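The values are calculated or read from the model by the stated rules, or taken from the named source; none is laboratory data. This structure is a prediction, so every number in the text was calculated from the model and none was measured. Cβ placement follows ideal geometry from the backbone for every residue including glycine, while neighbour counts extend to all protein chains displayed.
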Amino acid sequence: MDKLKMHSPNITQDNIARIRDLFPGCVTETKVGGGGVMLAVDFDQLRQELSGSIIEGPQERYQLNWPGKREALLTANAPIAKTLRPCREESVDFDTTKNLFIEGDNLDALKLLQETYLGQVKLIYIDPPYNTGTNLIYKNDYSISEAEYMQQSGQMLSGGGRLTTNPQTNGRFHSDWLTMIYSRLKVAKNILSDDGIIITAIDENELANLSNVIKEIFGEGSYNHDYVSVVHNPRGQQGTNFSYVNEYLIFVYPKNTKKYLADFKKDEVDARNLRDSGTESDRTDARNCFYPFLVQSGKIVGIGDVPENHFHPESANIQLADGTIQIWPMTDHGDEKKWRYARQSVESILEKLEAKPGRSSIQVIFNKDSGTMRSVWANARYDSSEYGSKLLDELIPGAGFTYPKSLWAVYDCIFAATKYDKNAIIIDFFAGSSTTAHAVFKLNADDGGNRRFIMVQAPQQCEPDTKPYKAGFKTISGISKERIRRAGKKTLEGQCHKGWNKDIGFRALKVDTSNMDDVYYAPNALEKTTLDLFVENIKPDRTPEDLLFQVMLDWGVDLALPIAKETILNKEVFFVDGNALAACFDNRGGIDEDFVKELAKRQPLRVVFRDAGFKDSAVKINVAQIFKLLSPGTEVKCL
């Protein structure tokens, strides 16, 4: 009986096999440690196959390169022997939800998901670290070879995949960031559907580099559009006296989806109208951008409070009894506007502002010493700090999450990408506070869709002196999960389309070491004198449900499918999506032929047993024959 491989696919070997199909003479076999044989590419021969002249050595060519690129490609392709362990106590509606929340390194998560969701994800929306020099990025560890990696059960070293700051003083400032994003996008490409779209938010620091990485991975024609969506980007680098004000969305259409591009601006209007029909509006969520500056004798002396029940009076300038003038965000023509910066942001730059008479009102601008006369009001609909912070603070008072993404910026992107597929799968593998999950709930409630999400967030530790930690959150992923819980309940309190199934749950899964012990991956490395110690090849702290999810990953079964448990002849059996998969992980040596026959009568598409569960070797040998007779279409494997 064949065993499940229980690790993610070896993309390198798959790629070599594709090369062999095109150029058989360029692929050979080579020996590896332990006496095994694997395919290898004769690169000199391959270079000659692809050339119209004699190849004597390296030649110049157009390409994007940086220190660490080869390692990034290696780590993207290398298999890992890890798994996703279910965590029922942190989930919501575990048994019925179609949504997933994965806690762990996003590169590991993507590798584990790529077989199960190959070509199935309609939208990948990510807001990766902007590489400002102070925020955190994932730093891969290449200090272990692939052979050593698999020999040690495929586990990364303790420092692998860690989050780290990337200061500009680092000589590999851009290289480290490129290495991080390249490997993740390379793997993410595998899960994108034929009509799928990738949208990435980025600022000036890595816009050009990210654009080139995307062109290399997805093809020159796929990179189609970059669109300024956020007027104030607080995470961007500070300019001479104030921050950059643009944030960019890069749209990637890898295959045949350019039809969305022409409609995108129209989609924005449609999305705004759709959401404004509910209980919230742009104005409500941007209320902290509506406040008065207080001016005395032509100088700004302070900032007024944000009104509770209305934004500002009809006039831009209000004269108070003590001579103070309140300046509200309104044009010279009487049209209402909002300030470019939220109230809390302006407090730190107040000395850089001055009041200047306009044609019919006093305006607030940056003073001449700041190097610009830029106005501090804006027409743009989005403000990352304002929208994101206000919504999150309302949901989780005291969470203090730094610069969450605007709900509506993500909402509009999801609407535009999935308006023709309301059952789409959306993944965000830089989930942060899970704004994307919140936006999926809100959009489904508005238009009756049943979109599903997969959120991935590393368990980044909150520092003890920060607001999140004091509010009881030890990790960013903890905030992320709590936001989904509360956002779901909040969404149900508003108007909900009758077509929505009201799925506000999620299955919490955690990236962890494989459930299988080292002996499972390298049995030949054991000495005969120690074999008795390894009769059981599964780690002792793993539950049957842990094993089930690793089997589902290995077999490419959707992790959101319904799971049922039944007792057959005193044995606990898991049934996934009816008969899609049956699994019995009994390890008491009680699996006999009567039980196997009873299970075979159910005719599952796949069935898996635990090696230690069989009564004796004779039963194990007969399992395949029993299923061949009673359920010939069943694929049978064991752990």
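Among residues of region 301-324 being of a type in the set (A, V, I, L, M, F, W, C) and surrounded by fewer than 21 Cβ atoms within 10 Å (Cβ to Cβ), the one that is modelled with the lowest pLDDT is Phe311.
Looking at region 357-462, what strands (runs of 3 or more DSSP E) fall wholly within it and have at least 2 residues that are in the same structural domain as Met180 (by TED's automatic domain parsing) and modelled with pLDDT of 90 or more?
Values: elements: 362-366, 425-428, 452-457.
Result: 425-428, 452-457.
Summed over region 559-612, residues that are under 37 Å from the mean Cα position of the chain (by Cα), surrounded by 17 or more Cβ atoms within 10 Å (Cβ to Cβ), at pLDDT 95 or above and not aromatic (Phe, Trp, Tyr) total 14.
Scanning region 388-423 for residues that are among the acidic types (Asp, Glu) and either over 23 Å from Val121 (Cβ atoms) or surrounded by fewer than 18 Cβ atoms within 10 Å (Cβ to Cβ) (or both) turns up Asp393, Glu394, Asp421.
Pull up region 453-486, narrow it to residues that are charged (D, E, K, R) and without any contact (Cβ under 8 Å) to a residue 40 or more places away in the chain, then point me to the one that is nearest to Ala437 (Cα to Cα). Spell out how you get there, then give the answer.
Step one: filter region 453-486 for residues charged (D, E, K, R), giving 463, 465, 467, 470, 474, 481-483, 485-486.
With the extra rule that they be without any contact (Cβ under 8 Å) to a residue 40 or more places away in the chain, the set shrinks to 463, 465, 474.
On the way: Glu463: 25, Asp465: 28, Lys474: 21 Å.
Checking each candidate, the answer is Lys474.
The helices (runs of 4 or more DSSP H) located wholly in region 103-200 that include 2 or more residues which are modelled with pLDDT of 65 or more occupy 106-113, 173-188.
Please specify each residue of region 72-89 satisfying the condition of being part of a helix (DSSP H, G or I) and of a type outside the set (Asp, Glu). Hits for region 72-89 are Ala72, Leu73, Leu74, Thr75, Ala76, Asn77, Arg88.
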